[in-house]
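Peer 1: First, the structure itself, so that you have it in front of you.
The values are calculated or read from the model by the stated rules, or taken from the named source; none is laboratory data. These numbers come from a predicted model, not from an experiment. Don't worry about glycine lacking a Cβ; one is built from the backbone with ideal geometry, like all the others, and counts go over all protein chains shown.
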Amino acid sequence: MKFKGYSDAALLAQLGDRFSVSYRIAADEKTALEMAKSMCVEQTVEFPAQHIECDAIHSDIIGRLEDFSPCDGGFRALISYSDQCATEEFSQFFNVVFGNSSLLPGITVERIHLSRELRDWFPGPKYGVPGLRERLGVERRPLAFTALKPMGLPTVALADEAYQCALGGVDLIKDDHGLMNQCFSTYQDRVKTVCEAVRRGNEESGHHTAYIPNLSGSFESIMDRVRYAEDCGAGGVMLAPGLVGYDTMEYVARHTELPVVAHPAMAGCLLDKGSGGFDCGCVLGQLPRICGADITVFPNYGGRFSLSQAQCRSIVEFCQEQEGDMPPIFPSPAGGMTFEKVAPMKAFYGGDVAFLMGGGLFTVTENLPANCRTFVDMLSK
């Protein structure tokens, strides 16, 4: 089939670099190879290739199967795509990476290999590990991170928690991800009051504790809330890309000078739990980093969620590996963290990590500032 107005030369003149995606396909060799070849078409033209009489579409638009080899659990297919199929919009990039093929069983996205052009389009975090350490005045030790809990407390009580944590010298205080704009603690009231409480705690303690409110809602309301957080003196913002969209988080990161924290709520829908999806390191490490997160929160091994040590290690590797000029980011293991776990977790994760302790920090004794000081001291050893 020929297409009116089409020119191979005109199309080729518009195309640039290519990026690639590593997929794991759980099938026998013949089936896996057929699926890989089908994905090259499905993720791009979604049109019977034999009916396209356009050489440049065949050679440069349709995905290319660059490598196919056996791996644990099946076969690994490396497929490359033109950057111009993805464009500079993250949602379309995400669509090319997995789009329709995510509906098929047995396919797992292991890793995205960015081209130079894509790294220019999606430069990643503004701060990362080195920038956040400079902002917080913490040179080497892991960061002490906590959350305002529980949902249902009025703003005044949450602000008092924040004040006590700042007095105790924790580095980061975030909203619990369930806090947003509820009647018992509206967003504007909470952000203004907690920022003032943290500022007061910092003045008294000499620390640089940063408060990070949670963002949700429509795109317009999210951007309004970013500006409000900036005006109130917040130390960052947090989004759950599984709820608000990875493209929304990427836009926020690009258009604010505040550090960005990624929360994993709803990301479990993307995780490979045995029937396909995204590998843990990719969805909780690589994707947040590409979208501009400076910290990515994820469920720690040994907690109430089911991630293994190997999966947590994979997240850390994606956060910290070399990726052009993109700075490494802080992995932030969370869920069931207690004082007893600090030493073994520090040995496992190393120094460039933000340990998130919620309920365990509030309940060890009734003296919250003292608990915070103990937490920081344990991380400093």
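Peer 1: Check GLY292, GLY335, GLY285, GLY277 and return the single one that is surrounded by 24 or more Cβ atoms within 10 Å (Cβ to Cβ), touching a strand residue (DSSP E or B) at 6+ places or on another chain (Cβ under 9 Å) and at positive phi.
Peer 2: From the options GLY292, GLY335, GLY285, GLY277, the qualifying one is GLY292.
Residue by residue, here is whether (1) farther than 24 Å from VAL109 by Cα; (2) touching a Pro at 6+ places or on another chain (Cβ under 8 Å); (3) aliphatic (A, V, I, L, M) holds:
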| residue | (1), (2), (3) |
| --- | --- |
| VAL316 | no, yes, yes |
| PRO333 | no, yes, no |
| GLY336 | yes, no, no |
| PRO344 | yes, no, no |
| GLY351 | yes, yes, no |
| LEU361 | yes, no, yes |
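Peer 1: Now for a different question. Take the residues in the stretch 99-122 that are under 11 Å from VAL21 (Cβ atoms) and more than 19 Å from the chain's Cα centre (by Cα), then tell me which one is surrounded by the fewest Cβ atoms within 10 Å (Cβ to Cβ).
Peer 2: Restricting to residues being under 11 Å from VAL21 (Cβ atoms) and more than 19 Å from the chain's Cα centre (by Cα), the top hit is SER101.
Peer 1: In the stretch 153-166, which residues are touching a strand residue (DSSP E or B) at 6+ places or on another chain (Cβ under 8 Å) and either within 25 Å of CYS282 (Cα to Cα) or surrounded by 17 or more Cβ atoms within 10 Å (Cβ to Cβ) (or both)?
Peer 2: LEU153, THR155, LEU158, GLU161, ALA162, CYS165, ALA166
Peer 1: From the residues in the stretch 11-62 that are buried (at least 17 other Cβ atoms within 10 Å of the Cβ) and hydroxyl-bearing (Ser, Thr, Tyr), which one is nearest to SER102 (Cα to Cα)?
Peer 2: This residue is TYR23.
Peer 1: Scan the stretch 46-62 and report the pairs whose first residue is under 17 Å from GLN84 (Cβ atoms) and without any contact (Cβ under 8 Å) to a residue 24 or more places away in the chain and whose second residue is β-branched (Val, Ile, Thr) and assigned to a loop (DSSP other than H, G, I, E, B), with Cβ atoms within less than 9 Å and a gap of 6+ or a chain change.
Peer 2: HIS58/ILE52; ILE62/THR44; ILE62/VAL45; ILE62/ILE52
Peer 1: Moving to a separate point now. Please work out which one of (1) within 17 Å of the chain's Cα centre (by Cα); (2) more than 30 Å from PHE90 (Cα to Cα) is the condition GLY137 fails and give its number.
Peer 2: (1)
Peer 1: Which pairs do you get when a residue that is in the same structural domain as GLY303 (by TED's automatic domain parsing) and in contact (Cβ under 8 Å) with a residue 60 or more places away in the chain, found in the stretch 332-356, comes within reach of a residue that is assigned to a helix (DSSP H, G or I) and among the polar types (S, T, N, Q), reach meaning Cβ atoms under 8 angstrom, with the pair 6+ apart or on two chains?
Peer 2: ASP352/GLN320
Peer 1: Scan (1) of a type outside the set (Phe, Trp, Tyr); (2) free of Cβ contacts under 8 Å to residues at least 12 places away in the same chain; (3) part of a helix (DSSP H, G or I); (4) not assigned by TED's automatic domain parsing to the domain that holds LEU167 for the single condition SER69 breaks and write down its number.
Peer 2: (3)
Peer 1: Please go through the stretch 173-215 and give me each residue that is among the small types (Gly, Ala, Ser) and surrounded by fewer than 22 Cβ atoms within 10 Å (Cβ to Cβ), ordered by number.
Peer 2: Of everything in the stretch 173-215, those that are among the small types (Gly, Ala, Ser) and surrounded by fewer than 22 Cβ atoms within 10 Å (Cβ to Cβ) turn out to be GLY178, SER205, GLY206.
Peer 1: From (1) part of a loop (DSSP other than H, G, I, E, B); (2) surrounded by fewer than 21 Cβ atoms within 10 Å (Cβ to Cβ); (3) modelled with pLDDT under 95, pick out the condition that doesn't hold for GLY268.
Peer 2: Among (1) part of a loop (DSSP other than H, G, I, E, B); (2) surrounded by fewer than 21 Cβ atoms within 10 Å (Cβ to Cβ); (3) modelled with pLDDT under 95, the lone unmet condition for GLY268 is (1).
Peer 1: What about PRO150, is it closer than 30 Å to PHE355 by Cβ and surrounded by fewer than 21 Cβ atoms within 10 Å (Cβ to Cβ)? Reasoning before the result, please.
Peer 2: Values: closer than 30 Å to PHE355 by Cβ: yes; surrounded by fewer than 21 Cβ atoms within 10 Å (Cβ to Cβ): yes.
In short, yes.
Peer 1: Report whether or not VAL96 is touching a residue at least 12 places away in the same chain (Cβ under 8 Å), part of a helix (DSSP H, G or I), surrounded by fewer than 18 Cβ atoms within 10 Å (Cβ to Cβ) and hydrophobic (A, V, I, L, M, F, W, C).
Peer 2: Values: touching a residue at least 12 places away in the same chain (Cβ under 8 Å): yes; part of a helix (DSSP H, G or I): yes; surrounded by fewer than 18 Cβ atoms within 10 Å (Cβ to Cβ): no; hydrophobic (A, V, I, L, M, F, W, C): yes.
Taking the combined requirement at face value, the residue does not satisfy it.
Peer 1: Another question about this same structure. Here are some conditions: (1) touching a Gly at 6+ places or on another chain (Cβ under 6 Å); (2) under 26 Å from ILE212 (Cβ atoms); (3) part of a strand (DSSP E or B). THR108 meets all but one. Which one does it not meet?
Peer 2: Of the numbered conditions (1) touching a Gly at 6+ places or on another chain (Cβ under 6 Å); (2) under 26 Å from ILE212 (Cβ atoms); (3) part of a strand (DSSP E or B), the odd one out for THR108 is (2).
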